[in-house]
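Student: Here it is, the structure, as structure tokens.
The values are calculated or read from the model by the stated rules, or taken from the named source; none is laboratory data. Values in this document were obtained by computation on a predicted structure and should not be read as measured data. Using ideal geometry, Cβ is built from the backbone for each residue, glycine included, and neighbour counts are taken over all protein chains shown. What goes into the accessible areas is simple: the full protein's heavy atoms, side chains included, and nothing from ligands, DNA or RNA. Shrake-Rupley method; radii C 1.70, N 1.55, O 1.52, S 1.80 Å.
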Amino acid sequence: MTRALFIVDLQNDFTERGALGVAGGDEVALRVSQFLSQHAEDYAMIVASRDWHDPDNDNGGHFSATPDFVDTWPPHCVAGTYGAEYDELFDTSAVTHHLKKGQGLPAYSLFEGHADDGATAAQLLDAHGIIDIDVAGIATDYCVRASALDALAAGRRVRVLTDLIAGVHPDSSARALDEIQRAGAELVLSQR
Ligand SMILES: [Zn+2]
């Protein structure tokens with residue numbers, strides 16, 4: 001078994017009522033939990049990332065009081081706060097590896113994260129002989145996009161589970177999926 005599942009930033013601040021909530025985020029958290037209850041055994045690794053920003057600085061210009069929602073954002077996912085925790089509807093019991101990213105800087109890709117022991121996604125994929133990666137999570141047009149493109153750049157076969165993602169903007173989400181597909185990923189439904 002050489003397939004991994006990435007679950008990107010399924011956190012309270014990115015779902016409904018969060019500081020940077022996207023439409024459909026809670027639904028994605030529910031669906032991912034249901035998917036894991038049926039398919040966790042299909043994966044050699046299940047890697048979840050969390051955006052995990054510093055409380056006392058603008059995280060390299062990532063936070064802004066006047067955000068443009070493209071390059072700058074309202075404060076979100078501050079380390080140790082409720083907003084930074086996994087979404088309440090996301091059952092993390094099957095997750096095998098937890099990565100945190102964004103400490104003091106913008107970090108969209110799961111590949112920029114580290115486990116608490118310092119391991120990176122690239123190291124974990126190599127250690128487990130992972131060839132195929134399925135990607136789910138939030139947000140389609142930012143962190144899912146960056147994670148999928150980095151997985152392709154790392155030489156893996158990538159599928160985006162299109163019923164297990166939610167985006168910030170509909171237009172940029174559609175563009176992101178097109179870009180990911182042109183870069184070589186498959187777009188598939190989790191339940192077929
Ligand atoms: Zn962030």
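Student: What dipole magnitude, in Debye to the nearest 20, does segment 3-188 give about its Cα centre under +1 on Lys/Arg Cβ and -1 on Asp/Glu Cβ? Walk me through the numbers before you get to the answer.
Tutor: Working: 12 positive and 30 negative charges, 92 e Å.
In debye, rounded to 20, segment 3-188 gives about 440.
Student: Where does the chain land at 222 nm, in deg cm²/dmol rounded to the nearest 500, when only DSSP H runs of n ≥ 4 count, each adding -39500 (n - 2.57), divided by all residues? Write down the numbers at each step before the final one.
Tutor: On the way: 4 runs with 44 residues, N = 192.
Counting only the DSSP helices, I get -7000 deg cm²/dmol.
Student: How many Å² of accessible area per residue for segment 99-153, probe 1.4 Å?
Tutor: It amounts to 35 Å² per residue over segment 99-153.
Student: Report the label-to-label distance for Ala79 and Leu105 in nanometres (one decimal), using points 7 Å from each Cα along the Cα→Cβ vector.
Tutor: 1.4
Student: Give me the distance in nm between label points sitting 7 Å out from Cα along the Cα-to-Cβ direction at Leu187 and Ala122, one decimal.
Tutor: 2.8
Student: Let me ask another. Net charge near Ser109: determine it from the other residues with C-beta under 15 Å of the C-beta of Ser109, scoring Lys and Arg +1 and Asp and Glu -1. Kindly include the intermediate steps, with their values, before the conclusion.
Tutor: On the way: positive: Arg50, Lys100, Lys101, Arg145, Arg156; negative: Asp9, Asp51, Glu112, Asp141, Asp150, Glu179.
So the environment of Ser109 carries a net charge of -1.
Student: Bin by bin, in steps of 5 Å, what percent of the Cα pairs in segment 130-192 do you find, going until the bin that has the longest distance?
Tutor: Over segment 130-192, the share of Cα pairs per 5 Å bin runs 4, 22, 34, 26, 11, 3, 0 percent.
Student: How large is ³J(HN,Hα) for each residue in segment 34-46, as worked out from phi by the Karplus curve 6.51 cos²θ - 1.76 cosθ + 1.60 (θ = phi - 60°), to whole Hz, x for Gly and Pro?
Tutor: Those phi angles translate into 5, 4, 5, 5, 9, 10, 4, 6, 6, 10, 6, 9, 10 Hz.
Student: What is the extension gain from Phe69 to Ser93, computed as 0.36 nm multiplied by their sequence separation minus the C-alpha to C-alpha distance, in nm to one decimal? The partial results should precede the final answer.
Tutor: On the way: separation 24, 0.36 × 24 = 8.64 nm, distance 3.20 nm.
Length gained, Phe69 through Ser93: 5.4 nm.
Student: Quick one: what does P(r) look like for the chain with 10 Å bins over all Cα pairs, in whole %?
Tutor: The calculated distribution, bin by bin, is 10, 41, 38, 10, 0.
Student: Starting from the residue with the highest accessible area, list Arg182, Arg17, Arg31 in decreasing order, probe 1.4 Å. Before the final figure, lay out each step's value.
Tutor: Working: Arg182 170, Arg17 205, Arg31 95 Å².
From most exposed to least exposed: Arg17, Arg182, Arg31.
Student: Applying 1/(1 + (r/R0)^6) with R0 = 25 Å to the Cβ-Cβ distance of Arg3 and Ala115, what FRET efficiency is obtained, to the nearest 0.05?
Tutor: Numbers: r = 19 Å, r/R0 = 0.78.
Approximately 0.80, to the nearest 0.05.
Student: Here is a follow-up. Work out Dmax and Rg for segment 39-90 from the C-alpha atoms and quote the Rg first, both in angstrom.
Tutor: Final numbers for Rg and Dmax: 14.6, 44 Å.
Student: Taking only C-alpha pairs under 8 Å that are 6+ residues apart, what is the relative contact order of the chain in percent?
Tutor: Details: 427 pairs, mean separation 47.8, N = 192.
Computed over the chain, the figure is 25 percent.
Student: Ordering His76, His128, His97 by accessible area with a probe of 1.4 Å, largest first, what comes out?
Tutor: Working: His76 5, His128 80, His97 40 Å².
Correct descending sequence by accessible area is His128, His97, His76.
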